[in-house]
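Structure record follows, encoded as structure tokens.
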């Protein structure tokens, strides 16, 4: 007999997850217009009020390369300010539960994070990144993998001394937009190396949407077989084929408990154009059609996980409202379907019912709720050829 209990089929699948938001950093970094500082503050606050406790605030890299983040210090100052802390207190939010992360791809940005920490404004956590495919890594960092690993090791020691956690990202796990196919075993090895040199946790990233559900399940099963502490692992999926929700499900089935997403599925490479001016970014984009770039959407992911009965700590309805506001901020329709269609309502949509069913059933002599003719047996008697073989 088939086993119907999902959690017996996938015994590693969690009953509770953590979903971090990276809209204001990863989401906005690909926008070709400057998102106002006021808007960034609004979305950072609203996401936290809606339940986010792990949030990426900004990128502390060189604003010349990524002018979208020229307001980085102002955003951190806002979230470290007494006014925001009092807002959290009024809403019953423990401020100490909020983890503020900044991206610090190179050592100069790490040093900036430490300086801000000394001023009382710094992040709780920073992030550096390696790709298993070296051409992709070079495009993002400007240096080789061996050289970068030594830099990361120095930076982790600096951060540990300063009281800042370091997340190590592993990218191109399932493929590279530059080098093509990759070996998942390399990503497992890189994960071990991050933890060996002192990383607090590891983000496992599908930055170009190469992943397929079977390979996601296989990879995270490999990871958890080697390093079973689920707190250490974060799944990060991008969309290019509209199958990232399948990757989320496969990661859940493998036992992953930490995920990241963006409102509307925003995100991608740092923009190489801002407002009316070309900017450096990370060079040419890896795609030809801008519709097929970005992350898995926060709204749809929350609805998916919520309807599976998995606890997540977010106010889903508030997130759907925030997603609608973001479409107005960026000025276009985004990827989330949930902000249009909402959640599956158990009570249905009675306003769409056609009038007259009650009268028709009464006229036919049927009872309310009757679904089969009275003279049919209560139990279906299947023809022999359709019965299950014992």
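The values are calculated or read from the model by the stated rules, or taken from the named source; none is laboratory data. Just so it is clear, the structure is predicted and the values come from calculations on it, not from any experiment. Reconstructed Cβ throughout: ideal geometry from the backbone, glycine too, with neighbour counts over all protein chains shown.
Which residues, taken from the stretch 191-211, are under 20 Å from residue 242 (Cβ atoms) and either surrounded by fewer than 17 Cβ atoms within 10 Å (Cβ to Cβ) or touching a helix residue (DSSP H, G or I) at 6+ places or on another chain (Cβ under 6 Å) (or both)?
211
Would you check which residues across the stretch 219-242 are in contact with a helix residue (DSSP H, G or I) (Cβ under 8 Å, 6 or more places away or on another chain), closer than 20 Å to residue 337 by Cα and surrounded by fewer than 18 Cβ atoms within 10 Å (Cβ to Cβ) and list them?
Listed by number, the list is empty, since nothing qualifies.
Return the total of residues in the stretch 190-233 being within 20 Å of the chain's Cα centre (by Cα) and assigned to a helix (DSSP H, G or I).
So the answer is 15.
For the structure I just gave you, tell me whether residue 102 is surrounded by 16 or more Cβ atoms within 10 Å (Cβ to Cβ), in contact with a strand residue (DSSP E or B) (Cβ under 8 Å, 6 or more places away or on another chain) and part of a loop (DSSP other than H, G, I, E, B).
No; evaluated as a whole, the condition is false for this residue.
Within the set of pairs 6+ apart or on separate chains, which have a first residue in the stretch 347-363 that is in a helix (DSSP H, G or I), a second that is surrounded by 10 or more Cβ atoms within 10 Å (Cβ to Cβ), and C-beta atoms under 9 Å apart?
360/366; 361/370
Within the stretch 270-278, is even one residue in a helix (DSSP H, G or I), modelled with pLDDT of 95 or more and in contact with a helix residue (DSSP H, G or I) (Cβ under 7 Å, 6 or more places away or on another chain)?
No.
Look through 312, 349 and report the one residue that is more than 30 Å from residue 62 (Cβ to Cβ) and in contact with a strand residue (DSSP E or B) (Cβ under 7 Å, 6 or more places away or on another chain).
Every option except 312 fails the conditions.
When you scan the stretch 169-182, do you find a residue that is assigned by TED's automatic domain parsing to the domain that holds residue 123, outside any loop (DSSP other than H, G, I, E, B) and more than 18 Å from residue 103 (Cβ to Cβ), even just one?
Checking the stretch 169-182: at least one residue is assigned by TED's automatic domain parsing to the domain that holds residue 123, outside any loop (DSSP other than H, G, I, E, B) and more than 18 Å from residue 103 (Cβ to Cβ).
Please find, within the stretch 63-86, the residue that is surrounded by the fewest Cβ atoms within 10 Å (Cβ to Cβ) out of those that are out of contact with any helix residue (DSSP H, G or I) (no Cβ under 7 Å at 6 or more places or on another chain) and touching a residue at least 12 places away in the same chain (Cβ under 8 Å).
Across the stretch 63-86, the extreme among qualifying residues is 64.
Just one of the numbered conditions (1) more than 16 Å from the chain's Cα centre (by Cα); (2) at pLDDT 95 or above; (3) assigned to a loop (DSSP other than H, G, I, E, B) is not true of residue 325; which one?
Among (1) more than 16 Å from the chain's Cα centre (by Cα); (2) at pLDDT 95 or above; (3) assigned to a loop (DSSP other than H, G, I, E, B), residue 325 violates only (3).
Looking at residue 333, is it in a helix (DSSP H, G or I), within 19 Å of residue 34 (Cα to Cα), free of Cβ contacts under 8 Å to residues at least 60 places away in the same chain and assigned by TED's automatic domain parsing to the domain that holds residue 49?
No.
Out of the stretch 61-84, which residues are assigned to a loop (DSSP other than H, G, I, E, B) and either over 14 Å from residue 28 (Cα atoms) or modelled with pLDDT under 95 (or both)?
Listed by number, the residues that qualify are 61, 62, 63, 64, 65, 66, 81.
Looking at this structure, is residue 87 within 28 Å of residue 299 (Cα to Cα) and modelled with pLDDT of 95 or more?
yes
When you look at residue 261, is it outside any helix (DSSP H, G or I), within 28 Å of residue 196 (Cα to Cα) and more than 11 Å from the chain's Cα centre (by Cα), yes or no?
No.
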